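K.L.:
Sending over a structure as structure tokens; questions will come in a sec.
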Amino acid sequence: MAGRRGFRWDGARPPRDGVVIFVEENRSWFEVEPILDVLQFAPSTYCACKSRPPSERPRDDAVLKVEITRVHRVHRVHHDVYGVRKVS
């Protein structure tokens, strides 16, 4: 395809995790290889992403999300007032 630079108009490709999630959500409708071909994503990269354990960052983010949700809940309960005694 002459002139085609990449998946998006600016030439950028979608993030790997996003492609893996998209493929998993649509594999009941389409085979994996054609999806990867359209997304210009190497099958070996897809397999590597699926077989690798989650990195530390997403695990840490999940823990932080729980803590942030707790702080927001406490904040609402105490009429939107922050303070060490209220949030702790």
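Here, each number is a calculation from the coordinates, and none is a lab measurement. Note that the coordinates shown come from a computational prediction; the quantities given were computed from them, not determined experimentally. Note: ideal-geometry Cβ built from the backbone for every residue, glycine included; neighbour counts use all protein chains shown.
K.L.:
By average Cβ neighbour count within 10 Å, what is the ranking of 68-75, 52-59 from highest down?
P.N.:
The most tightly packed comes first, giving 68-75, 52-59.
K.L.:
Between ARG57 and HIS79, take the C-beta separation as r, use R0 = 35 Å, and let me know the FRET efficiency to the nearest 0.05.
P.N.:
With R0 = 35 Å, the Cβ-Cβ based efficiency is 0.50.
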